[in-house]
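Here the structure is laid out as structure tokens; the discussion comes afterwards.
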Amino acid sequence: MLCTIAVVATDRWATFDCYGTLIDWNGGIRGELARVFGEERADERLDRYHELEPELEADGKRSYREVLTEAMRRVGAPAAEEDALARSLPGWQPFPDVPDALRDARERGWKLAILSNTDRDYIDASMRQLGVPFELAIVASEIGSYKPGLAHWRAFEERIGRSPDVHVAASLFHDIAPANELRLPSIWINRLGEQPGPEPTKELPDLRQLPAALDEVAV
């Protein structure tokens, strides 16, 4: 007697950081710094911003709008420009390789989620810029925690019932290190040619080869 075993396909989930991975975060910030402080001072102020942001996010009490505003105040912006980054974020653009890669991943059956150190209105605006649907977005201001804390992944697990199959991100500190702690496969998008610290499962220079890489690293 033959027995037929039904195989039920399970959803495959890829989670993404947004800013720096999908949206040109450095470009958006630097553009405003150049406008406010002048081109010759923009890189110095950008370096200072990168120092300040983790400090301002550490206790999880500030919204990302407040983080952006306080960071601008601390880098010396005049009072009328302290909210310059907060005003400009909804217009920050995706990297050119991103929309097609995300569409291709969806066509291969991947479900997409964003785990972001931001606010709901910001991520909604950025997803409109991306122009590709996501099943889920979890933001720091709603869970009271910023990455590299693990609360984003815990919230994902609570909502979906399990961990994601792959996490994709540009930040070693905010994303790859906690993914390693959780033993999640990861894809590091190394747009800046950085040297690795925490070791990702796979490294890519951008998202052009992302769909094949997702299939490769998913366990």
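For the reader, a short list of remarks on this structure follows.
- Calculated [222 nm] ellipticity per residue, helices only, for the chain: -12500 deg cm²/dmol; basis is -39500 (n - 2.57) per DSSP H run with n ≥ 4, divided by all residues, nearest 500.
- Each residue of the stretch 50-58 was assigned a 3J(HN,Hα) from its phi angle through the Karplus expression (A = 6.51, B = -1.76, C = 1.60, θ = phi - 60°), giving 4, 6, 6, 4, x, 5, 6, 8, 4 Hz with x at Gly and Pro.
- Distance between the C-alpha centres of the stretch 37-53 and the stretch 153-193: 27 Å, rounded to the whole angstrom.
- Within the accessible surface of the stretch 32-157, defined with a 1.4 Å probe on protein heavy atoms only, the carbon and sulfur portion equals 45 percent.
- Residue 130 sits among other residues whose Cβ lies under 14 Å from its own Cβ, and their net charge, with Lys and Arg +1 and Asp and Glu -1, is -4.
- Rounded to the nearest whole Hz, the Karplus-based 3J(HN,Hα) values (6.51 cos²θ - 1.76 cosθ + 1.60, θ = phi - 60°) of the stretch 124-131 follow the sequence 4, 5, 5, 5, 5, 5, 5, x, with x at glycine and proline.
- GNM flexibility winner over the chain from 43, 119, 17 (Cα, springs under 10 Å): 43
- If you sort the three axes of the alpha carbon gyration tensor as a ≥ b ≥ c, you get a/c of 1.5 or more for the stretch 145-219 and a/b no higher than b/c, which makes it oblate.
- Neighbourhood charge, 15 Å Cβ-Cβ cut-off, centred on residue 24 and excluding it, Lys, Arg +1 and Asp, Glu -1: -2
- Highest mobility in the GNM of the chain, judged by mean-square fluctuation with C-alpha springs under 10 Å and restricted to 115, 207, 46, is found for 46.
- Those lysines that a straight Cα-Cα span of less than 22 Å connects to residue 202, excepting residues fewer than 8 apart in one chain: 111, 147
- Under a Gaussian network description of the chain, with springs only between Cα atoms under 10 Å, the residue in 80, 34, 170 that fluctuates furthest is 80.
- Within the stretch 106-136: backbone nitrogen closer than 15 Å to the residue 154 label point (7 Å, Cα to C-beta): none
- Length added when fully stretched, residue 50-residue 70, from 0.36 nm per residue minus Cα-Cα: 5.9 nm
- On a per residue basis, the chain carries 48 Å² of accessible surface, using protein heavy atoms and a 1.4 Å probe.
- Here the spin labels are modelled as points 7 Å beyond Cα on the Cα-Cβ line, and at residue 212 and residue 199 they lie 2.4 nm apart.
- Backbone N under 18 Å from the residue 93 label point (7 Å along Cα→Cβ), restricted to the stretch 25-39: 25-35
- Residue 12 long-range amide H proximity, modeled H, under 5 Å: 111
The values are calculated or read from the model by the stated rules, or taken from the named source; none is laboratory data. In this text the structure is predicted, and so the values were computed from the model without any measurement. Glycine gets a Cβ as well: all are built from the backbone with ideal geometry, and neighbour counts include every protein chain shown. Remember, those area values only see protein heavy atoms, side chains included, never the ligands or the DNA or RNA. Shrake-Rupley method; radii C 1.70, N 1.55, O 1.52, S 1.80 Å.
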